[in-house]
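Q: Before anything else, here's the structure in question.
The values are calculated or read from the model by the stated rules, or taken from the named source; none is laboratory data. Bear in mind the structure is a predicted one, so any value in this text is a computation, not a measurement. When we count neighbours, we look across all protein chains shown, and the Cβ atoms used for this are built from the backbone with ideal geometry, even at glycine. Surface areas here come from the heavy atoms of the whole protein model, side chains and all, with no ligands, DNA or RNA. Shrake-Rupley method; radii C 1.70, N 1.55, O 1.52, S 1.80 Å.
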Amino acid sequence: MYENKLLDLSTEFAVAIVNLVDSVKTPKSLYLLDQLGRAGTSVGANIHEAQYAQSKKDFISKLEIALKESNETSYWLKLLYKTGRIDQQTYYVTERLCGNIRRLLIAFCRTAKQNYH
C-alpha cells in the first residue's frame, strides 16, 4: 500500500516539476531550471526503477539515490524561490510534496535496511 503511495506521489511530483520548469519564463534561469528538472524527475525515475531491482541491495541503493535527488531538488527549489524566479505558493506546494516523498523514502530505506541485515 505504501509503495503504491510512493509511486503515485513520485509521478505527481515529476509532473509538478515538469510543469514548474515549463512555467518559468526567465531566460537567465535556464541553468537552474535544468538542474531542478534533472533532480526532480530523477526522484520518481529511481523509485520506479527500484521496483525491478535485481536484489535487495540494489533496491535500497535506488531508494537512497531517490532520497539524495529529493534533497537536491529541495535545494534548487529554495534557490529559485530565494532569487524570485518562483513565487511563494509554488515553492511551498512543491517543497511540501518533495518533503512528503523524502519522509516516505527515509522510512522505506530504514525498513529495507533492517530487513536486509
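Q: Search the stretch 25-54 for residues that are farther than 20 Å from R96 by Cα and pair each with any residue that is surrounded by 17 or more Cβ atoms within 10 Å (Cβ to Cβ) and not basic (K, R) when their beta-carbon atoms are under 6 Å apart and the residues are at least 6 apart or on different chains.
A: From the stretch 25-54, the pairs are A50/F59; A50/L63; A53/F59.
Q: Based on what the data block shows, is S61 within 19 Å of A39 (Cα to Cα), in contact (Cβ under 8 Å) with a residue 12 or more places away in the chain and polar (S, T, N, Q)?
A: The answer is no for S61.
Q: While we're here: Going by what's in this entry, would K113 be described as touching a residue at least 24 places away in the same chain (Cβ under 8 Å) and more than 14 Å from the chain's Cα centre (by Cα)?
A: Yes: the conditions hold for K113.
Q: Here's another thing I want to ask about it. Return yes when D87 is surrounded by fewer than 16 Cβ atoms within 10 Å (Cβ to Cβ), at pLDDT 95 or above, over 15 Å from the mean Cα position of the chain (by Cα) and acidic (D, E) and no when it is not.
A: The answer is yes for D87.
Q: Is one or more of the residues making up the stretch 52-60 open to solvent by less than 70 Å² (accessible area, probe 1.4 Å), among the polar types (S, T, N, Q) and farther than 18 Å from C109 by Cα?
A: No, because not a single residue in the stretch 52-60 is open to solvent by less than 70 Å² (accessible area, probe 1.4 Å), among the polar types (S, T, N, Q) and farther than 18 Å from C109 by Cα.
Q: Being surrounded by 13 or more Cβ atoms within 10 Å (Cβ to Cβ) and modelled with pLDDT under 95 is the filter; apply it to the stretch 10-31 and report the residue that is farthest from F59 (Cα to Cα).
A: So the residue we want is T26.
Q: Let me ask another. Out of the stretch 41-51, which residues are closer than 19 Å to C109 by Cα and either out of contact with any Asp or Glu (no Cβ under 9 Å at 6 or more places or on another chain) or surrounded by 15 or more Cβ atoms within 10 Å (Cβ to Cβ) (or both)?
A: Of everything in the stretch 41-51, those that are closer than 19 Å to C109 by Cα and either out of contact with any Asp or Glu (no Cβ under 9 Å at 6 or more places or on another chain) or surrounded by 15 or more Cβ atoms within 10 Å (Cβ to Cβ) (or both) turn out to be S42, V43, G44, A45, N46, I47, H48, E49, A50.
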